[in-house]
Amino acid sequence: MGQMVEVEYAVFESVKYPQMREMVVNAVRAFSDVEYQWRQWVWRMDPRIVDNFTMQINALDDLQMREFPHGAVGDVLRNTREADAFGPLNEALQNLFDKFGTELSDREYLNLAEWIPVVTEAKELLAVLLDKQ
């Protein structure tokens, strides 16, 4: 990711599982940064970083952020505003999978016009997740 932004602790302190929240925030951050995706998911420029599309989608799926984000309110998400904010990203990802399936390479996904809404919606969601409220 181009720049790491320091996040105030308040973004994490008001949930039951702050480490899981951090995992969600990092996944959304990865989806929001197309430069990072090319550098690490496709070109693997920093060998110290092990990351790819599958790892990040699995992080969201493992915590049910794509299926039922409202169930994470209080545990991983701070409020229903954050849960609601997952809707557009989840729709963009579902549209991608409905059209192209789940077996493309990271490079193939990133080259699709349908990838642009994923990045755009992830940026919007990240802003909500990092909002100090």
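The values are calculated or read from the model by the stated rules, or taken from the named source; none is laboratory data. All values derive from a computational prediction rather than experimental measurement. Virtual Cβ from ideal backbone geometry, glycine too; neighbours counted across all protein chains shown. Just so you know, the surface numbers come from the protein's heavy atoms only, side chains and all, with ligands and any DNA or RNA stripped out. Shrake-Rupley method; radii C 1.70, N 1.55, O 1.52, S 1.80 Å.
The residues of region 88-115 that are open to solvent by less than 50 Å² (accessible area, probe 1.4 Å), among the hydrophobic types (A, V, I, L, M, F, W, C) and not in a loop (DSSP other than H, G, I, E, B), listed by number, are L89, A92, L93, L96, F97, L110, W115.
Selection of first residues in region 83-101 that are closer than 24 Å to L130 by Cβ and touching a residue at least 40 places away in the same chain (Cβ under 8 Å) and of second residues that are outside any helix (DSSP H, G or I) and open to solvent by less than 20 Å² (accessible area, probe 1.4 Å), restricted to Cβ pairs under 7 Å at least 6 apart or on distinct chains, gives an empty result. Going through (1) hydrophobic (A, V, I, L, M, F, W, C); (2) open to solvent by less than 60 Å² (accessible area, probe 1.4 Å); (3) in a loop (DSSP other than H, G, I, E, B) one by one, A83 falls short only on (3).
Across region 21-59, the qualifying residues are those that are charged (D, E, K, R) and buried (at least 17 other Cβ atoms within 10 Å of the Cβ), and the one among them that is farthest from L125 (Cα to Cα) is R39. Run Q37 past the list (1) under 12 Å from D106 (Cβ atoms); (2) touching a strand residue (DSSP E or B) at 6+ places or on another chain (Cβ under 6 Å) and report the number of the one that doesn't hold. Checking Q37 against (1) under 12 Å from D106 (Cβ atoms); (2) touching a strand residue (DSSP E or B) at 6+ places or on another chain (Cβ under 6 Å), the one that fails is (2).
Considered as a group, the residues in region 60-78 that are within 15 Å of V118 (Cβ to Cβ) and aliphatic (A, V, I, L, M) include one that is surrounded by the fewest Cβ atoms within 10 Å (Cβ to Cβ), and that residue is L60.
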